[in-house]
1. Please give the number of the condition residue 112 fails out of (1) surrounded by 10 or more Cβ atoms within 10 Å (Cβ to Cβ); (2) in the same structural domain as residue 140 (by TED's automatic domain parsing).
2. Return the residue satisfying two criteria in turn: it lies in segment 82-100 and is in contact with a helix residue (DSSP H, G or I) (Cβ under 9 Å, 6 or more places away or on another chain) and not in a loop (DSSP other than H, G, I, E, B), and of such residues it is nearest to residue 163 (Cα to Cα).
3. Is it the case that residue 124 is assigned by TED's automatic domain parsing to the domain that holds residue 163, under 19 Å from residue 182 (Cβ atoms) and touching a strand residue (DSSP E or B) at 6+ places or on another chain (Cβ under 9 Å)?
4. Being out of contact with any helix residue (DSSP H, G or I) (no Cβ under 9 Å at 6 or more places or on another chain) and either crowded, with 17+ Cβ neighbours inside 10 Å or under 18 Å from residue 74 (Cβ atoms) (or both) is the filter here; which residues of segment 130-141 pass it?
5. Looking at the structure I just gave you, is residue 95 crowded, with 16+ Cβ neighbours inside 10 Å, without any contact (Cβ under 8 Å) to a residue 40 or more places away in the chain and touching a strand residue (DSSP E or B) at 6+ places or on another chain (Cβ under 6 Å)?
6. Among the residues of segment 164-176, is any crowded, with 16+ Cβ neighbours inside 10 Å, in a helix (DSSP H, G or I), in contact with a helix residue (DSSP H, G or I) (Cβ under 8 Å, 6 or more places away or on another chain) and free of Cβ contacts under 8 Å to residues at least 12 places away in the same chain?
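The values are calculated or read from the model by the stated rules, or taken from the named source; none is laboratory data. Worth saying up front: this structure is predicted, and the values here are computed from it rather than measured. Heads up, the Cβs are rebuilt from the backbone with ideal geometry, glycines too, and the neighbour counts pull from every protein chain shown.
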C-alpha cells in the first residue's frame, strides 16, 4: 500500500490484485442474479401449470364434438357476417368503413324509380379481420356479425362469399352458413333478391 503525497489514506483500487478481486465479485453477483431471475420465472411457470393442469381434461374435439355440433361462443363473438339482402339500399357505407377493403358491392340503378338494386354483395374472408367496423355505419342495419365459427374450405375461392347469391335464410342467419351452401351459390348467376328498391 502506498500513501499519496497529500497525506490521504492509501488507495486499494490501484492494486492489480484488489482490482481483480472486485471484478470477480461483480461477475459472481451478475451470475447469481441471472440464475435467480431464471429460476424465479420457471417457478412462476410451474406454479401456473400446476394450478391449471387437469388430468381428466379432454381434447378439443372430444369436449365440443366439433364439427358435428357447433362450438359454443361468447355472446358478443364476432363471427362470419349476416346480411339481409331484402333491406340493403347499396349505400356503400360498409365498404367505405372497411379498413382492409374486403367488401365489394355491385349495384345497378333501378329502372323507372329511385335508388339502387343490389347485384352483388361479396366479402373476401381471406382479407377480413372481423373488426365489425362495417356494422356501425349501416343506416338500415342490414349487416351484422354472426356467431358462425367456421367456414372451412379447400381453396381460396371458398373464402369469397357473395351474400347476394346465397339463399336469404342462410345469409340472414336463420340457417347455418357452411361451405356447401357457399360453393352452391357460386354457380348462381342472378341475385336471389334485388333489395327494397326493386
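1. That leaves (1) as the condition not met.
2. 83
3. For residue 124, the condition - assigned by TED's automatic domain parsing to the domain that holds residue 163, under 19 Å from residue 182 (Cβ atoms) and touching a strand residue (DSSP E or B) at 6+ places or on another chain (Cβ under 9 Å) - is met.
4. Correct list: 130, 131, 132.
5. yes
6. Yes, segment 164-176 has at least one match.
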